[in-house]
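Here is the structure we will look at, set down as structure tokens.
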Amino acid sequence: MSSDAIVIEKLGKQYTIGTATIGDATLGESITSWVAGPWRRFRQLAGRGEGRTTFWALKDVSFRVGVGEVIGIVGPNGAGKSTLLKVLSRITPPTEGYVDLTGRVSSLLEVGTGFHPELTGRENVFLNGAILGMFRAEIVRKFDAIVAFAELERFIDTPVKHYSSGMYVRLAFSVAAHLEPEILIIDEVLSVGDLHFRNRCLGRMQDLRDEGRTVLFVSHDLTSVRQLCTRALLLNSGHIVADGTPGDITRQYERMYQEGVENTTGAADRRHPPSDYHIRRVELRNAAGEVRGQFDAGEVMEIHLWASGPAPENSFTAEFKLFNEDDQIVSFGSANPVRSTYYRAEHQHFVCRLGPLPLTEGRYALSFTVRVWNKERWDYWDRAIGFSIDRCDLFNTGHGVANDHNGDFVIQQEWLVGD
Amino acid sequence: MAYPLRRTLRLEAPGSWQMLNLAELWAYRELLFFFVWRDVKVRYKQTVLGAAWAVIQPLMTTFVFTILFGRFGGMSKQVEGPYALHVFVGMLPWTFFSNAVASAANSLVGSSHLISKVYFPRILIPIAAIAAGLVDFAISFVVLLLMMAWYGVAPTPAILALPLYLLGTIVCAAGAGVLFAALIVTYRDVRYVMPFVMQLWLFATPVLYTLDIIPAKWRALYALNPMAGTIAGFRASVLGSPFPTGVILISSVAALVMFATGVRYFVQVERRFADVI
């Protein structure tokens, strides 16, 4: 009899992503593809067919959570946090590996799941409670407490479509707060609502912890991870990169985004460690020379790379690849041949002045390579450092442009009236 | 999300053969009740005429078909008793069936928000949509009783068989509804095919006519339509006419096969829903 509430073993989740369509060259080909299209599409929808691309949102994730532990999971967007929660909540099945859950599980990926605007507060409490896994008798018993906690006694028989967003969230949270699970799986629900609401959420989480319940908690809010959790995990690119005390893990995560990253383990953990020459440290600085993890669009960024070890050859290049949150490559740069700068064996500190940055708001990551152009890499440091673009308003309109819907960069543009 | 499961629950890649987990469905019976209750409540809250729609729809179609086929088409001569009553008795289970299939079919896509945020057996959603239609059925059944009183048709002991044929209609609606619901999640085109299928299905079912117009040698084939025997049996139990036993038997088997196929396909693909919806 183990005292583990959650056992996760070699968990992997693979997704299929849309297939790239290739442009048709001739009319004949267009007609062929028009005719064959529905069939190809059918095979794609059915999850078969060639040419589909897959990616692993989670790969080889293994860890155990003891009863009463409060685990915080941090990591950049696209690291696999949401996928992990969805697998643990049984919303989506894993592709490989398994999860063992022992105890009554509640998962809370958002507050107010299933709320219907036409129904009254009272009706929604029952509906939402049932959806969250409460029995009717349990809801009846807790009903007064739920309403009192939400401070909505006067409006409980009003349809929730007439509620303010604050009232709505209060009622929704109040239902969730009255769950009594042995294991609680909770997404970033704390980030909604005002400060008062967040404090109450935190208070409720503290109660759960003190009652000895097991909590798995995903958050970007490092302060609450440090306050609440007994242990933390850092997830990146679908893998668990670190497992330790909340203090250590949140510091490590912050370092990924806010200051230079030092590669302490040498080239051993690199994907391409063919030589003794490797990139040791990376820093991002703003125009004023300050080390930074956040930039605004239009700013100039300086990438500083320090390498060590004997360089195998002269006249080599340093390169970067820029990735967006979805792990798609956005851009590429190289000392040569893009710019005809050649580094020599005695050089160990390389600077790339990049910008003005045309990037939209969001998080980005940089990977680095050193090599002689077109030859085998001496070192490749995948996702060495991340940064965020906090503000993108290149045309001073007062409206930011984010990369979730509007692409990753903004191109200079003028809008005129044609003749 | 799970109802109390003290023992260890293992989550792993779905095997190639999925079974309907009846124990789990039983554990979630209260949620099914809440889904039905929500569907019924919301339906009548958002409409002006509320429950009246349950009556207007079959009454209007009955009226139109009575004029069209009964009067102009001369079909009323082939039917014993008032043609309007004959059509309405068929229209009643048919309206329930076609509305239930349509709402079940669209129910999953309409609940995509729930499906991507919380776990429960997905089959509860289309089943609840079908169950909610029973309220409409009950209301229009009262209208049927009024109509029978108006035409002076008294129920015979055959009416005791009625629940059986109502059950048959539910089984048919569940089979088709669940199958369409699962198909629509992956293939949205099915949405556009459905009204057309239902239209054809209506004409392949003895709602407007009686089984007598089908030549005897084709009747066994005709009975492969699960709704054929169900509607014929429904009408026989209300109007006290003789039961077409052969057709009913074949249709019942067809209905069970359709139900099993629908549920089977549904449980096979349900774990994929959150990824494709």
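None of the figures in this text is laboratory data; all of them are computed from the coordinates on show. Note that this is a predicted model, so its numbers are computed, not measured. Cβ atoms come from the backbone with ideal geometry, glycine included; neighbour counts cover every protein chain shown.
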Among the lysines, which fall within straight-line cross-link reach of A:LYS375, defined as a Cα-Cα distance under 21 Å, with same-chain neighbours fewer than 8 residues apart omitted? A:LYS321
Hey, got the average number of other protein chain Cβ atoms within 10 angstrom for residues in A:133-146? 2
Using the membrane-span-like helix rule (whole DSSP H runs, Cα extent along the own axis of at least 18 Å, mean Kyte-Doolittle hydropathy at least 0.0), which helices of chain B qualify? B:52-65, B:83-110, B:124-151, B:162-186, B:190-203, B:226-239, B:245-269
Sorting check: for A:237-249, A:398-410, B:250-262, A:122-134, which peptide has the highest mean count of neighbouring beta carbons within 10 Å, and how do the rest follow? A:122-134, B:250-262, A:237-249, A:398-410
Counting DSSP beta bridges in the stretch A:264-391, what percent are antiparallel, to the nearest 5? 90
Please tell me which of these pairs span more than 23 angstrom C-alpha to C-alpha: A:LYS161/B:LYS45; A:LYS81/A:LYS142; A:LYS10/A:LYS81; A:LYS86/B:LYS41? A:LYS81/A:LYS142; A:LYS86/B:LYS41
Taking the protein assembly as shown as the region of interest, what is the percent of Cα-Cα pairs per 20 angstrom bin, listed from the shortest bin to the one with the maximum distance? 15, 37, 31, 13, 3, 0
Taking the beta-carbon count within 10 Å as an exposure proxy, list A:LYS59, A:LYS375, B:LYS45 from fewest neighbours to most. A:LYS375, B:LYS45, A:LYS59
Calculate the mean, over all residues of peptide B:37-43, of how many other protein chain Cβ atoms lie within 10 angstrom of the residue's Cβ. 4
How do the peptides B:30-40, B:263-273 rank, highest first, by the average count of neighbouring beta carbon atoms within 10 Å per residue? B:30-40, B:263-273
Let me know the mean shielding of A:118-128 by other chains, meaning the per-residue number of their Cβ atoms within 10 Å of its Cβ. 3
